[in-house]
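Worksheet for the structure shown next.
The values are calculated or read from the model by the stated rules, or taken from the named source; none is laboratory data. All figures in this text were calculated on a predicted structure; none of them were measured in a lab. As a convention, Cβ positions derive from the backbone with ideal geometry for all residues, glycine included, and neighbour counts pool all protein chains shown. Note: areas computed on protein heavy atoms with side chains; ligands, DNA, RNA excluded. Shrake-Rupley method; radii C 1.70, N 1.55, O 1.52, S 1.80 Å.
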Amino acid sequence: VHELNSRPTPQASLTGREFEQSEASFAVGSVTALRGIQEEDDGSEEFSLKASQDVSNMGDAVDNPEYDHRSSKNQLDELTRLEEHHTSSIQDVESSYESPENLTTDNSSSSTSMGKSRPGIIPGPVQGTLRYIVRGSACLLILAAVVLPLYFFVWEEEADSNVGVNETIPPLFPPLPPVPPSPVERPPQPPMPTAPVPQPSFPVVSPTVPSRPTLGPGDGSTPTSGANGLRGFLISQWPNLEGDLAVFTSPQYYAFEWLSNDPGLSEYSDQRKLQRFALSTFYFSTNGDNWRRNDRWLSDEHECLWYSASSSLPCDDDLFYTSLDLDLNGLSGSIASELALLSNSLSHIDLSSRASAGAVLTGTIPSELGFLSLLEYINLSGNAIQGSVPPGIGKLRYIRSINLNGNQIGGSLPYSLVHLTSLAVLDVGNNELEGSLFTDIGFLTSLRFLDVSNNLFTGEIPSSIGNLDLLQTLYLQENGFTRLPSEIGNLFLLQRFFAQKNKIGGNLVTEIGRLVNLLDLNLSENSMSGALPSQLGDLLLLRDQLNLSENSFTGPIPDALGRLIFLRNMLLQSNALTGLVPVTFSNLDRLATLRLEDNSLSGTVPEEVCAVFRDTFPVFVADCRPPPEIVCDCCMFCCEEGGNCECQFSNTELNFLCSEFTKSPGLEKRIVGNTMQGS
């Protein structure tokens, strides 16, 4: 009770509840101490019982959440009264411990006396120690309750102050990954050329293709009550169809009649109705009954199971028709424009054929194919298609390969092709195209294969062709091109370059030596003149042929050509070359053909060269027939300039080699004598 009255006022930071519990706890401890002292007083049984009861009541009050501080105050007042009533006896007990006369040197008597008079009491020094421990613990708890919140508050303030003006606090959770595009979407394409170009014109009437639905019975289906309902639906999607359906012999009418009688029509989605109608129209327009194979076509089975030349199904996972692959299948007739109804799925068309197959496609390329916005590949080669290349082809932004080789297509290439920045293959060879190559062909920066051979093109080869830095194959032969630009040297990846049978004049540009990956070079039958550039020796990978024949080149053969150690065929005949055969040709031990006839060479072929050629036996042709312009002991064929040629081994045991002339086109027309004897 002394301690309770003398302790300092609790911290202001304690809440009312915490203050009340502190008051009660301290009172419990004080009463417990009093109870221990009074139990030594034989005449204080009333006090001991009263104190025990108060201790029990107060302990329960501390644990009671509805504890009232006023009851605690009343109990404290009662304890105070008890204290005053027994002050004298408490003081007597305390003085008995502190009085010197009570201390005796007889340990046994002291032990007996203390054992009898103070059983279970805690000595005074220990009580003081425990009291300070309890006080210290209470102070530490109070200090922690005050200091820890203050510490965390200050720490958060400092953390906020360390964030710079331009710094951002990292998010608690990492950002979600981007949602992948749907199967219909395509990645953004490279920007179109910025140069002002005329926009291609397209047909005024365009098909209204519905957005891609989910296939399934009844999904997205427009009610079609009989033939009239189907007719109205098809015309709403393809307005041009109205006139075609009025012609009872048209492929469109046949397809409409077939689809009208389809037992599953009422369960088809709109997409599937269009899909089956477009394919059946194509079947009738290309004489499907006469195809080599037409398994399951026009059956009740799903159109994804109809015959396809591809080894895989022609549909994607959603059963949308993506690949029309019927190459070498005996198709005839014309291509139906209704294929454009597959604009939200069709990505692959292969209808290629061969003239020797007999049945080929005719007619024209439908301009409506420009609506096949997902088309990536089209091959119509080997047919007899006429007309021109429709400008609508320039709308096929995802197209990667166009092959129209071997048809009868005329006109000029549409300028809209410059928009096809994803195009990798453009093959229009062996047609009747005319005019000049558009000057901005360099916009086709993804191009790897370009074939415009055997057409009627004229004019200069555009210098912008040097921008096609991914180009690997360039076929320009058999046209009327007149100039080879120096920018051709920018095509570092070029492997095959054919420009024979044109009208190219002037000197052979030295930049040709920059085509370091070239494997095959043919510039024969042109009008080029001047000296052969020594830079030709830089084409170290040249393998198949170096053909500069039938031009007007002059001067000596460069020694640098002896560096082309992988070369198999060197054709320099029919020029105006002079001088000697270079001794460096002894390095060319892989040569199968070396033709130097119809030039103005002189001297003797070096023995170092002949020593190699006697082991490798190339078809070596020179002007060594009497009277010889050149002395050649290792030539297989000796010719008169501009005249006949004769095999040097005709009457020897090497006569069988004389048949080798068949490996050099054009040589057989000049051979005289029985060159096949003993072959």
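Numbers below:
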| item | result |
| --- | --- |
| With DNA, RNA and ligands ignored, accessible area of E432 (1.4 Å probe; Å², nearest 10) | 100 Å² |
| Accessible surface of the stretch 581-623 [probe 1.4 Å, protein heavy atoms]: carbon and sulfur percent | 49 percent |
| Accessible surface of the stretch 443-496, 1.4 Å probe, proportion on carbon and sulfur as whole % | 44 percent |
| Three-way shape label, the stretch 546-672, alpha-carbon gyration tensor, a/c 1.5 | rounded |
| Cα-based Rg / Dmax (Å) for the stretch 433-512 | 11.4, 31 |
| Paired Rg and Dmax values of the stretch 304-396, which use every Cα atom, in angstrom | 13.1, 38 |
| Neighbour-limited loop hits for trypsin sites (Lys or Arg not before Pro), the stretch 493-563 (at most 11 other Cβ within 10 Å; DSSP other than H, G, I, E, B) | none |
| Using a Förster distance of 51 Å, the FRET efficiency for R231-R483 (Cβ separation, nearest 0.05) | 0.30 |
| Rounded, prolate or oblate (a/c below 1.5 giving rounded, otherwise prolate when a/b exceeds b/c) for the stretch 215-351 by Cα gyration tensor | oblate |
| √(5λ) per eigenvalue of the Cα gyration tensor, the stretch 484-609, largest first, Å | 22, 17, 12 |
| Viscosity 1.567 mPa s, 4 °C: Kirkwood-radius Stokes-Einstein D of the stretch 348-390 over Cα pairs, µm²/s | 115 µm²/s |
| Neighbour cut-off at most 16 other Cβ (10 Å), DSSP loop, GluC sites (Glu not before Pro), the stretch 597-644 | E641 |
| Interchain or long-range residues, amide H under 5 Å from L508's placed H | S529 |
| GluC sites (Glu not before Pro) restricted to the stretch 240-302 and DSSP loop, no more than 15 other C-beta within 10 Å | E301 |
| Relative contact order, percent, the stretch 481-630 [alpha-carbon distance under 8 Å, six or more residues apart] | 16 percent |
| Accessible-area value, D538, 1.4 Å probe, nucleic acids and ligands omitted, Å² | 60 Å² |
| Residue-level accessible surface for Y307, protein heavy atoms, 1.4 Å, Å² | 40 Å² |
